[in-house]
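Enquirer: My questions all concern the structure below.
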Amino acid sequence: HVLVNKNPNASISAGGPTTFCAGGSVILTEVAVAGCTYQWYKGASPIAGATALTYTATTSGNYKCRVTKAATGCFKNSNVIAVSVPCKEGDELLTENNNFTIYPNPNNGTFAISDFDFVNQSCQIEIYNAIGQQIYILEIATTQNAIEVQLSNIASGIYIIKIRSGGNVTEQKLIIE
């Protein structure tokens, strides 16, 4: 006569969209099983302190919950829910394709930006340094096909150029030598 300890049930669900902007979240919920403990995982790693029936996911990853019977130690991993936090800032969608050209790049601080996707719209050109500080901002109307930018006394390094138009933002790296 063999006693077979069955593994507990384990099933998680998401309480909302699993793709959201940075700063957003989704609550993942494990179905309660009597006499069991819960441990949430992101990928193969247990999440420290995440031992409740719910877990609020705020970053991209594959989440699951391991349900363990306290009496027997038998456990089962739930289904996996993939959470995706694409590159977004606030309510702005960061378009994947870099819809402008910087030339020359690398450069010495004097360069042109051209080939805008947003034609006949006003847009804002912003330049950020490596630690995220805005060092330059310019409002333009993109009726012209190219604009020249001259950054005086700029340190060499990698900068990010963001062009905002309406709710869209495109960005590219700028290399100053």
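The values are calculated or read from the model by the stated rules, or taken from the named source; none is laboratory data. Quick caveat: nothing in here was measured; it's all calculated off a predicted structure. Please note: Cβ atoms are built from the backbone with ideal geometry, for glycine as well, and neighbour counts cover all protein chains shown. When the accessible area is computed, the model is the full protein with side chains, heavy atoms only, and any ligands, DNA or RNA have been set aside. Shrake-Rupley method; radii C 1.70, N 1.55, O 1.52, S 1.80 Å.
Enquirer: So which residues in the range 82-111 are surrounded by 16 or more Cβ atoms within 10 Å (Cβ to Cβ), modelled with pLDDT of 85 or more and either hydrophobic (A, V, I, L, M, F, W, C) or under 19 Å from SER60 (Cβ atoms) (or both)?
Expert: Residues satisfying the conditions are VAL83, ILE102, PHE111.
Enquirer: Considering only the range 153-177, state which residues are open to solvent by less than 60 Å² (accessible area, probe 1.4 Å) and among the β-branched types (Val, Ile, Thr).
Expert: Of everything in the range 153-177, those that are open to solvent by less than 60 Å² (accessible area, probe 1.4 Å) and among the β-branched types (Val, Ile, Thr) turn out to be ILE154, ILE160, ILE161, ILE163, VAL169, THR170, ILE176.
Enquirer: Mind counting the residues in the range 124-152 that are open to solvent by 60 Å² or more (accessible area, probe 1.4 Å) and modelled with pLDDT under 85? Outline the logic, then answer.
Expert: At the first step, the residues of the range 124-152 found to be open to solvent by 60 Å² or more (accessible area, probe 1.4 Å) are 130-131, 133-135, 137, 139, 143-145, 148, 150, 152.
Now narrow it down to the ones that are modelled with pLDDT under 85: 130-131, 143-145, 152.
Residues that pass the stated criteria total 6.
Enquirer: I would also like to ask the following. Return a yes/no flag: does the range 162-176 have any residue that is touching a Lys or Arg at 6+ places or on another chain (Cβ under 6 Å) and at pLDDT 85 or above. Give the steps one after another, and end with the answer.
Expert: Here is the first cut: in the range 162-176, the ones touching a Lys or Arg at 6+ places or on another chain (Cβ under 6 Å) are 169, 171.
If we keep only those that are at pLDDT 85 or above as well, we get none.
No: the range 162-176 contains no residue that is touching a Lys or Arg at 6+ places or on another chain (Cβ under 6 Å) and at pLDDT 85 or above.
Enquirer: Sticking with this one: Is it true that ILE160 is part of a strand (DSSP E or B), among the hydrophobic types (A, V, I, L, M, F, W, C) and more than 13 Å from ALA112 (Cβ to Cβ)?
Expert: Criteria met by ILE160.
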